[in-house]
Amino acid sequence: MNQSGNLLIFILLSSLLPGLIIFSLPEKSHRIRTILNLGGALTKLSLILLMILGIYQGFYYEFRWTLFPGTDLVLNADPLSALFATLSAVLWLLTTIYAIGYLEQSPNRSRFFGYFSLCVSVTVGIALAGNLLTFLIFYEMLTLTTYPLVIHRGTPEAMAAGRVYLCYTLGGGAAFMAGVAWLTALVGPLNFHVDGLLLPVVETHRVSLTLIFILLIGGVGVKAALFPLHGWLPRAMVAPAPVSALLHAVAVVKAGVFGIIRIVHDIYSIDLASQLGLLFPLSLLTSLTILYGSWRALQEDDLKRRLAYSTISQVSYIALGISLAHPLAAMGGLVHLVHQGIMKITLFFCAGNLAETLGIHRISEMNGVARRMPLTMAAFSIGALGMIGLPPLAGFVSKWYLGLGALAADQGWVIVILITSTLLNALYFLPIVHHAWFSSQEHPWPTRKAGKLEAHWMLLLPSLITAFLVLIIGLLANSEMSPMAWARLIMNKESLQ
Amino acid sequence: MILILFDFVLIITLPLLGWAVLATEDIFKAVVLFVSFGLLMSLAWVRLNAPDVALAEAAIGAGVTGALFLSALNKLERSVKHERRINRDEEKEAINEREI
Amino acid sequence: MNGGLTGMKKRKQSMKGKFKRKDWQFATLTSLLIATLVTFLCWAILKEPPGEDLTAEALAPLFVQSGVTSPVTAILLNFRGYDTLLEVMVLFLAGLGIWSQATVDPTNPLVFSSPATHPTKPNFHGPGPELILATLVRILIPLMVLVAGYLTWAGGFQAGGAFQGGALLGGAGILLILAEPQRISTIPPALIRFGIVLGPAIFLLVGVSCFGYGGNFLQYPQPGAGSWLLLIEFGAAISIGITLTTLFVGGRPDPKRLKGTDQP
């Protein structure tokens, strides 16, 4: 351990401190708030890039703080953490710009941005966690910091959604903690970077290990929206669009599935998990979630709820990739973490644009909207086609690797699941795109304000940037700097250990 | 030998100069004495084998602080003069009003 | 020391020739305390020599690693770099404090008149003191800037460094303002702000980028430490010079008086 682990603390502080300061700002200090927000986001991104530079050169960053003898709070920077942390930082920057434009007239902005910054600190803390206890601490903090954002609007609907959210996530948190406590009692501290943690107790405690696995996966599965623990996600869509975009499509669900990756790969290790027979039920459950999510999405008319069900379905791709016990599938799952995040955030940004500019919340109101907002709908279409898995967009790359991995792991039935889900995705995305571009307007919209852009530039620019990223990441997936290359690096390091 | 003599002169002069700064009644004279105190102090730093500090003392202690003191002194005297003029005008007005 | 002296001066002014008994008591008590302190300090210094591992010979190998040959600069910027960062920040805060307290009319920053601003003063035939001042300034200021740059660079191997070069730059700035005060109005305030911020900003940036080389905050990478130190020193020198000049001027440029001033 060396002293350079202080960089990780700086990374956490770079959004924690602005968040705490923003809480104390009066409502109308718009400029200071914007400067703090954007300054914090840019600082965090540059510090994370510095960390990646260091990891690339082979330096090792670790921060260790002893809570009480035997248990440490550990922050660690390995390629997987760097992947998740970079994704969070980049998307946070874009969503901050989006949120500043979205909430321009709303009350309680200081409160919102304060909690927003806290959320992103905690998410990066989850990414950088080095043992399961640290992960648990930040995981619970994520629940606490996202709750005020869900109920931000204060309407009865929002409060009810918040209550459901708390029930689900606190219940999951309790299960998670029970699992962590049990496992720690069995084997001691649960470091992510130590191999063979559970080998001493495999023979004697098979049943315990299975039960612990169920508890742990159940605990993180709430946030990862596995069936049947997904009920909070569609309801949480009452939150403002930036919250839905970043948190419930990217940060919270990705934190959940990141937990699954850590538990299966680093705590249990793939060999042990398949030896205990835990991976097959997991792949069944995730496949069920994929199909269920897509099927429910077909029946929704509210745009954000349809996107929420689509998230439930897509995030389970990642878990499916992990549970297939083959490096190719794991690569597909890992890279889908990045790709799905970017595609989903594009879709949510566009949905927010439509809601803010034209008051559209339902898909039936979207006929012909592309004539009025062509750029937004172009971004939406790219995101939707990427979700379906059309080459050369980003979604295709991850589905391809998932399919390859399924074949290599002799689990051909997964291909059927993938094809079915792709068809269902097409069934619920393509009509939206078609009606938007090719139908004529049926629903009355407010008249267009004088101005060159179809929506506020702060709402338009992030969605265009993320749509562009979807395109580029798919096209250049083979280059050295793409998320695909990164996932390959992570899997190579894993298989070498 | 020469250096010991030099140190001796410095040791005597510095406290005397310090006392003179405090004891004079004219502020301007005090500021001038303070600047010369700073210059001698930087010589003392040189004798203590700290040339960096001597440079800084000469530039900041004697130069910048001296200029700051003189500038502040001037602004103080101007504002005092201004106040005295105002007081005199007010007194004149009061006397005029009483006469009326 | 300065504050104490100024305070004592004011007190002396207000009590001309009225030494009461309690003043003598106060004076004796203070002298006794100071004498005790001085005696104690002398005894402490003379009793314990510095430890074996703090002599210059023992520390010599460490100085080689520091990237500069002057031990003062090595300690100031490398071994105790964090303290120097805090000092630079303190100066920055002082500049901020002055800026937030007062505004200064940039066309007439010094309230008193100097020969350059009132060239119409009679009593002199032929070239007067303003010509001497102007010529002196024209010769001296570039020279001062040059020497300040040399001092900052020479801090790596002899007496000098950022604070010394910065003090000289500050002196140059003060001389400029005394000679041609209206010149301040031609400098855009944004440039002055940039100059004040430059030193702390470079220091912080260098400190953070040390993480990218596997070290802690301000733990310079070994082979190239000297160039990092030089970068920090130059930024700090510029910043110190501009901050000292700002402290002398005494406030930020009044935005109302800044528009459309002519060149002198």
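The values are calculated or read from the model by the stated rules, or taken from the named source; none is laboratory data. Please read all numbers here as calculations on a predicted model, not as lab measurements. Glycine also receives a Cβ, built like all others from the backbone with ideal geometry; neighbour counts cover every protein chain displayed. Just the protein is used for accessible areas: all its heavy atoms, side chains included, with ligands, DNA and RNA removed. Shrake-Rupley method; radii C 1.70, N 1.55, O 1.52, S 1.80 Å.
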- prompt: Scanning for something open to solvent by 10 Å² or more (accessible area, probe 1.4 Å) and not hydroxyl-bearing (S, T, Y), does the stretch A:253-262 turn up at least one residue?
  reply: no
- prompt: So which residues in the stretch C:153-167 are touching a residue at least 24 places away in the same chain (Cβ under 8 Å) and over 20 Å from B:A62 (Cα atoms)?
  reply: C:W153, C:G155, C:G156, C:F157, C:Q158
- prompt: Considering only residues of the stretch C:135-154 that are out of contact with any helix residue (DSSP H, G or I) (no Cβ under 6 Å at 6 or more places or on another chain) and open to solvent by less than 30 Å² (accessible area, probe 1.4 Å), which is farthest from the other protein chains (Cβ to nearest Cβ)?
  reply: C:G149
- prompt: What are the residues in the stretch A:52-86 that are in a helix (DSSP H, G or I) and within 21 Å of the chain's Cα centre (by Cα), if any?
  reply: A:I52, A:P79, A:L80, A:S81, A:A82, A:L83, A:F84, A:A85, A:T86
message: Looking only at the stretch C:208-222, filter to residues that are buried (at least 21 other Cβ atoms within 10 Å of the Cβ) and in contact (Cβ under 8 Å) with a residue 24 or more places away in the chain; which one of those is nearest to the other protein chains (Cβ to nearest Cβ)?
response: C:L218
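What are the residues in the stretch A:451-495 that are part of a loop (DSSP other than H, G, I, E, B) and either closer than 25 Å to A:F348 by Cβ or more than 21 Å from the chain's Cα centre (by Cα) (or both), if any?
A:G451, A:K452, A:L453, A:E454, A:A455, A:H456, A:L476, A:A477, A:N478, A:S479, A:E480, A:S482
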field: Matching residues, the stretch A:377-417, being among the β-branched types (V, I, T) and either surrounded by fewer than 19 Cβ atoms within 10 Å (Cβ to Cβ) or within 30 Å of A:N367 (Cβ to Cβ) (or both)
entry: A:I382, A:I388, A:I415, A:V416
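Determine, yes or no, whether B:E57 is out of contact with any Pro (no Cβ under 7 Å at 6 or more places or on another chain) and more than 11 Å from chain C (Cβ to nearest Cβ). Outline the logic, then answer.
Numbers: out of contact with any Pro (no Cβ under 7 Å at 6 or more places or on another chain): yes; more than 11 Å from chain C (Cβ to nearest Cβ): no.
When the stated conditions are applied, B:E57 does not pass them.
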task: Would you check if there is a residue in the stretch B:73-84 being out of contact with any Cys (no Cβ under 7 Å at 6 or more places or on another chain) and at pLDDT 85 or above?
output: yes
query: Hey, any hits in the stretch B:4-19 for a residue that's at the interface with chain C (Cβ under 8 Å from one of its Cβ atoms), of a type in the set (A, V, I, L, M) and buried (at least 16 other Cβ atoms within 10 Å of the Cβ)?
result: no
field: Inter-residue pairs, beta-carbon under 8 Å, first more than 8 Å from chain C (Cβ to nearest Cβ) and under 12 Å from A:L12 (Cα atoms) and in the stretch A:38-56, second open to solvent by 10 Å² or more (accessible area, probe 1.4 Å) and among the small types (G, A, S), 6+ apart
entry: A:G40/A:S14; A:T43/A:S14; A:K44/A:S14
message: For the stretch B:70-89, give me each residue that is under 22 Å from C:L169 (Cβ atoms) and either more than 10 Å from every other protein chain (Cβ to nearest Cβ) or open to solvent by less than 40 Å² (accessible area, probe 1.4 Å) (or both).
response: B:S71
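Yes/no matrix, rows are residues, columns are (1) touching a Gly at 6+ places or on another chain (Cβ under 6 Å); (2) among the β-branched types (V, I, T); (3) at pLDDT below 90:
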site	(1), (2), (3)
A:L25	no, no, yes
A:I32	no, yes, yes
A:A41	no, no, no
A:I52	no, yes, yes
A:Y56	no, no, yes
A:R64	no, no, yes
A:D72	no, no, yes
task: Would you mind stating whether A:G171 is at pLDDT 90 or above and open to solvent by 30 Å² or more (accessible area, probe 1.4 Å)?
output: yes
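Here is a yes/no grid of residues against (1) touching a residue at least 24 places away in the same chain (Cβ under 8 Å); (2) part of a loop (DSSP other than H, G, I, E, B); (3) not aliphatic (A, V, I, L, M):
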site: A:M377; (1), (2), (3): yes, no, no
site: A:I382; (1), (2), (3): yes, no, no
site: A:M387; (1), (2), (3): yes, no, no
site: A:S398; (1), (2), (3): yes, no, yes
site: A:L402; (1), (2), (3): yes, no, no
site: A:G405; (1), (2), (3): yes, no, yes
site: A:L427; (1), (2), (3): yes, no, no
site: A:Q441; (1), (2), (3): yes, yes, yes
site: A:T447; (1), (2), (3): no, yes, yes
query: In the stretch A:114-133, is there at least one residue being open to solvent by 20 Å² or more (accessible area, probe 1.4 Å), in a helix (DSSP H, G or I), within 20 Å of A:A174 (Cα to Cα) and among the hydrophobic types (A, V, I, L, M, F, W, C)?
result: yes
- prompt: Within the stretch B:41-49, is there a residue that is loosely packed, with under 15 Cβ neighbours inside 10 Å, more than 20 Å from C:L110 (Cα to Cα), within 12 Å of chain C (Cβ to nearest Cβ) and not small (G, A, S)?
  reply: yes
query: Among the residues of the stretch A:71-78, is any among the aliphatic types (A, V, I, L, M), within 14 Å of another protein chain (Cβ to nearest Cβ) and open to solvent by 10 Å² or more (accessible area, probe 1.4 Å)?
result: no
C:F157, sole failed condition from (1) under 30 Å from A:L47 (Cα atoms); (2) surrounded by fewer than 19 Cβ atoms within 10 Å (Cβ to Cβ); (3) hydrophobic (A, V, I, L, M, F, W, C); (4) within 14 Å of chain B (Cβ to nearest Cβ): (1)
- prompt: Within the stretch C:160-196, which residues are more than 14 Å from every other protein chain (Cβ to nearest Cβ) and farther than 19 Å from C:L136 by Cα?
  reply: C:S185, C:T186, C:I187, C:P188, C:P189, C:A190, C:L191, C:I192, C:R193, C:F194, C:G195, C:I196
- prompt: Which condition breaks for C:G251 when tested against (1) away from every other protein chain (no Cβ under 11 Å); (2) open to solvent by less than 10 Å² (accessible area, probe 1.4 Å); (3) modelled with pLDDT of 90 or more?
  reply: (3)
message: Please count how many residues of the stretch C:23-75 are assigned to a helix (DSSP H, G or I) and small (G, A, S).
response: 8
